[in-house]
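The values are calculated or read from the model by the stated rules, or taken from the named source; none is laboratory data. This one's a predicted model, so the numbers in the text were calculated from it and none came from an experiment. All Cβ positions, glycine included, derive from the backbone under ideal geometry; neighbour counts span all protein chains shown.
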Amino acid sequence: MKILVTGGAGFIGSHVADAFLATGADVVIVDNLSMGRRENIPQGARFVEMDITSDAFTQFLLDEKFDHINHHAAHMELRVSVDKPVHDAAVNILGSIRVLDGARRSGVQHVTLASTTAVLGEFLHMPATEEHPVNPIAPYGVSKRSMELYAEYERLTHHMSITTLRYTNVYGPRQNPHGEAGVIAIFLEKFLAGQTPIIHGDGRQERDYIHVSDVALANLIAFEQRVQGTYHICANSAASVLDVVGYLRTALGTSCEVHHGPAKAGDPARTRGSHDAYTARTGWRPIVPLHDGISSTVAWFTQRHETST
């Protein structure tokens, strides 16, 4: 079985590649390393440095003839998408169209797309199911929703086999601590560097955190069961920023300080998703409790910090 993981040098994509390698699959990773890191590339995977927005990538898909494409290459900085919407659309819309078009033309058996609950916009009710209204409020959400619509077009018109997975807040080892997303990685990196992170607002805002290993398993199952349609991949839980800080302090064994700053405009008070539909369809469910996941994440970041100093 020959599998392509786009964005496989990134945080989530590298864990997905690990999951497929564990099944004995022939895994190829395409990444332009704009966000990914060479050190994330799993041993045993073939790496090709390439941009998914290029003509060369389309030809690559036609030449390689993969059985499955798992698409995680993306631009994912929400606030950057506001400042640079053309760049965001070029990667997330045009790049995804190349993935879907190349997959159809080369006879790929199944495609899995990584999306986000950011396509929902403001959460009107929780936990949000797949029937929740879709009204993205930032270019990032708009571009991901556009990808979803192109997937629906390919599925309905050309009968392609496609799963779209919408993630909530994914965390775990290898997460980028220098981006705008991923409060666990950002805070942890600052704590280990002896710096004081800033909580925007009172810290009571709640998010639905899901460990990256649970996400990787959801991707594996999507291919194995040839799941069709769009599903939420989440923990259906709510933890505040203050809760996260408490778990980090416990795992680090120290009372690290935090500062409070102004709340970010447009930052929702709560987000929470329902995984009931995907669980009913596949039997998948998240198994890593937040406190355990944070402990393992702290262990990974601590080892990495000690090795680099």
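Has the range 225-232 got at least one residue that is surrounded by fewer than 20 Cβ atoms within 10 Å (Cβ to Cβ) and either within 20 Å of Pro173 (Cβ to Cβ) or free of Cβ contacts under 8 Å to residues at least 40 places away in the same chain (or both)?
Going residue by residue through the range 225-232, those that are surrounded by fewer than 20 Cβ atoms within 10 Å (Cβ to Cβ) are 225-226, 228-229.
Subsequent filtering for residues that are either within 20 Å of Pro173 (Cβ to Cβ) or free of Cβ contacts under 8 Å to residues at least 40 places away in the same chain (or both) retains none.
No, there is no match, as no residue in the range 225-232 is surrounded by fewer than 20 Cβ atoms within 10 Å (Cβ to Cβ) and either within 20 Å of Pro173 (Cβ to Cβ) or free of Cβ contacts under 8 Å to residues at least 40 places away in the same chain (or both).
Identify, please: which residue in the range 118-130 is part of a loop (DSSP other than H, G, I, E, B) and within 21 Å of the chain's Cα centre (by Cα) and is, among those, surrounded by the most Cβ atoms within 10 Å (Cβ to Cβ)? Can you show your working first?
We begin by selecting, within the range 118-130, every residue part of a loop (DSSP other than H, G, I, E, B); these are 121-127, 129-130.
Narrowing further to those that are within 21 Å of the chain's Cα centre (by Cα): 121-123, 126-127, 129-130.
Values: Gly121: 18, Glu122: 12, Phe123: 18, Met126: 16, Pro127: 20, Thr129: 14, Glu130: 16.
It comes out as Pro127.
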Can you report the number of residues in the range 158-204 which are under 23 Å from the mean Cα position of the chain (by Cα), surrounded by fewer than 21 Cβ atoms within 10 Å (Cβ to Cβ) and among the polar types (S, T, N, Q)? 3
Report yes if some residue within the range 268-280 is farther than 30 Å from Glu224 by Cα and in contact with a strand residue (DSSP E or B) (Cβ under 8 Å, 6 or more places away or on another chain); otherwise report no. yes
Considering only the range 155-192, state which residues are of a type in the set (Val, Ile, Thr) and closer than 24 Å to Asp67 by Cβ. Thr157, Ile162, Thr163, Thr164
Would it be correct to say that Ala235 is in contact with a Ser or Thr (Cβ under 9 Å, 6 or more places away or on another chain), assigned to a loop (DSSP other than H, G, I, E, B) and either crowded, with 18+ Cβ neighbours inside 10 Å or of a type in the set (Lys, Arg) (or both)? yes
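Here is a yes/no grid of residues against (1) in contact (Cβ under 8 Å) with a residue 24 or more places away in the chain; (2) under 28 Å from Pro177 (Cα atoms):
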residue	(1), (2)
Gly13	yes, yes
Phe20	yes, yes
Asn40	yes, yes
Arg46	no, yes
Leu61	yes, no
Phe66	yes, no
Val86	no, yes
Arg105	yes, no
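A quick yes/no check of all residues on (1) under 19 Å from Thr129 (Cα atoms); (2) assigned to a helix (DSSP H, G or I); (3) of a type in the set (D, E, K, R); (4) modelled with pLDDT under 90:
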residue: Glu180; (1), (2), (3), (4): no, no, yes, yes
residue: Ala185; (1), (2), (3), (4): no, yes, no, no
residue: Leu188; (1), (2), (3), (4): no, yes, no, no
residue: Gly203; (1), (2), (3), (4): no, no, no, yes
residue: Ala218; (1), (2), (3), (4): yes, yes, no, no
residue: Ile221; (1), (2), (3), (4): no, yes, no, no
residue: Tyr231; (1), (2), (3), (4): yes, no, no, no
The number of residues in the range 215-224 that are of a type outside the set (A, V, I, L, M, F, W, C) and surrounded by fewer than 23 Cβ atoms within 10 Å (Cβ to Cβ) is 1
(1) part of a helix (DSSP H, G or I); (2) within 19 Å of Ser295 (Cβ to Cβ); (3) not assigned by TED's automatic domain parsing to the domain that holds Leu124: which one isn't true of Tyr278, the others all being true? (2)
Search result, residues across the range 255-284 that are farther than 30 Å from His110 by Cα, out of contact with any helix residue (DSSP H, G or I) (no Cβ under 7 Å at 6 or more places or on another chain) and free of Cβ contacts under 8 Å to residues at least 40 places away in the same chain: Ala265
